[in-house]
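These notes are about the structure you will find just below.
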Amino acid sequence: MAKRTVEDLELNGKKVLIRVDFNVPIKDGEITNDNRIIAALPTINYVIEHGGKAILFSHLGRVKTEEDKEGKSLQPVAARLSELLDKPVSFVPQTRGAELEKAISEMKDGDVLVVENTRFEDIDGKKESKNDPELGKYWASLGDVYVNDAFGTAHRAHASNVGIASNLPSAAGYLMEKEIKFIGGAVDEPKRPFVAILGGAKVSDKIGVIENLIEKADKILIGGGMTYTFYKAQGKNIGKSICEPDKVDLAKELLEKAAGKIILPVDTVCAPDFDNDAPTEIHENNIPDNLEGLDIGPKTIELFTKELQGAKTVVWNGPMGVFELPTFAKGTIGVCEAIANLKDATTIIGGGDSAAAAIQLGFADKFTHISTGGGASLEYLEGKKLPGVESISDK
Ligand code: ADP
Ligand code: MG
């Protein structure tokens, strides 16, 4: 079912509550990366350009005790937002109360206000994180309509997403709309052939994704550390490579269930230890006892490139090797290149480390969509309903 978007709302003169993701890294009071604030600008600008009063909610880090509040105020974020919007932004150091209500009542059309960190409500009974119904109702009472643009928390039912949305007409902001369109679209109605590339460290992190995509994708290419649990299931030697012995049976089952659909690496870049300067060797199939597999090899890059030919939808989750060390980043680079060269394909990255890898390796603009939500994109790829998405009004 299609969700309402911010463009479907009547905004003029309205108090528009917007849940954004301002969970930015802050060190000694300084924001060290403002990408998430920049990413929220299109929705905020749309609201204020259409005469809405923008009242912004976000969490910042985790807050369990009074002491945790230290360094977790959204005040520096409001200051940075003001610079980026080139207009005043008011900040209220409260998540509820008279000061907040007064500040909102004094807003003019086009004004912007930032409410204090929603997780400050977690100190006394986890009201935000447990979606306390009174809190959601209270926040909703502060506005006329609600826009959710925080995909990163969409896999959680919190007061600032599900709680408010249950009490007001709601819509998706631009970021959220893009995530629903691309990740939701790929999983629910992919253009075929649909190829999934799965990697990362562990099978156990990705069981849900593999099981869902086995049903939906035409092919699944497996790389990264999870390769060796599958190798083990095939009776191969894996040397010192990471392996989850309790997942070998599951790997066997998956290989049987998806005969021909799952494609495993044919060669591995191996080293005696986890070290960028370690001497490397390439081994096909079996890995010697004294070595560990740290990246897919050149023949596998070639194989995966061939398997990707003609794909119309590609979902990539999980690096092909230990990309953090340049010696073992070639497989991930090779797969990025193969995806970048596809014509007419919708190409999507879900997963925090995969997104970081693509950005770090210089492929950020080569994908149709890089998801901003690590955990949320993973759950979406698992085929789960995300409460933050579900709670947005349908068109
Ligand atoms: P994502 O965040 O994109 O879902 P994961 O968290 O599952 O990805 O996996 C990322 C991690 O997997 C990286 O830190 C990478 O170093 C690690 N990794 C990839 N290949 C291997 C390997 N062969 N051995 C050990 N770790 C690996
Ligand atoms: Mg990760």
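Here are some notes:
- Put the Cα centre of region 146-161 next to the Cα centre of region 1-18 and the gap is 15 Å.
- Using the Cβ-Cβ distance between E302 and K384 with R0 set to 30 Å, the FRET efficiency from 1/(1 + (r/R0)^6) comes to roughly 0.30.
- Point-to-point label distance, Q360-I31, nm (Cα→Cβ direction, 7 Å offset): 2.4 nm
- Expressed as a fraction of 2.2 N^0.38 Å, the C-alpha radius of gyration for region 43-119 is 1.12.
- When a 1.4 Å probe is rolled over the protein heavy atoms, the share of accessible surface on region 240-384 that falls to carbon and sulfur comes to 51 percent.
- Working from label points 7 Å from Cα in the Cα-to-Cβ sense, the K343 to E324 distance is 4.0 nm.
- Evaluated on region 6-174, the Kirkwood hydrodynamic radius is 15.6 Å, with distances taken between all distinct Cα atoms.
- With the convex hull of the Cα atoms taken as the outline of the chain, the averaged projected area works out to 20.2 nm².
- Solvent-free Debye calculation, one equal scatterer per alpha-carbon of region 135-184: log10 I(q)/I(0) at 0.30, 0.31 Å⁻¹ equals -1.12, -1.16.
- Summing Lys and Arg as +1 and Asp and Glu as -1 over all other residues whose Cβ lies under 15 Å from the Cβ of I296 gives a net charge of -4.
- Label-reachable residues, region 162-198, where backbone N falls under 15 Å from a point 7 Å from E49's Cα toward its Cβ: 174-175
- Of interest is the spacing of the C-alpha centroids, which for region 52-107 and region 208-269 amounts to 46 Å.
- Here the accessible area is traced with a 1.4 Å probe on the protein chains. For region 6-174, carbon and sulfur cover 45 percent of it.
- The chain, relative contact order in percent, only Cα pairs under 8 angstrom and at least six apart counted: 16 percent
- Pairs from the table (K3/K261; K232/K261; K202/K257; K236/K257; K181/K385) lying more than 22 angstrom apart at Cα are K3/K261.
- Across region 6-174, C-alpha contacts under 8 Å between residues 6 or more apart give a mean separation that, scaled by the residue count, equals a relative contact order of 29 percent.
- Size descriptors for region 205-322 (Cα atoms only): Rg and Dmax, in that order, 14.0, 41 Å.
- Nearest-0.05 FRET efficiency for S393 and D273, computed from C-beta distance (R0 56 Å): 0.55
- Contact order relative to length of region 91-175, as percent, for alpha carbon pairs under 8 angstrom and 6 or more apart: 27 percent
- Label-reachable residues, region 221-239, where backbone N falls under 19 Å from a point 7 Å from Q309's Cα toward its Cβ: 221-222
- Per residue accessible area in Å² of region 269-331, where ligands, DNA and RNA are left out and the probe is 1.4 Å: 44 Å²
The values are calculated or read from the model by the stated rules, or taken from the named source; none is laboratory data. Note that the coordinates shown come from a computational prediction; the quantities given were computed from them, not determined experimentally. All Cβ positions, glycine included, derive from the backbone under ideal geometry; neighbour counts span all protein chains shown. Quick note on the areas: whole protein, heavy atoms, side chains included, nothing else; ligands and nucleic acids left out. Shrake-Rupley method; radii C 1.70, N 1.55, O 1.52, S 1.80 Å.
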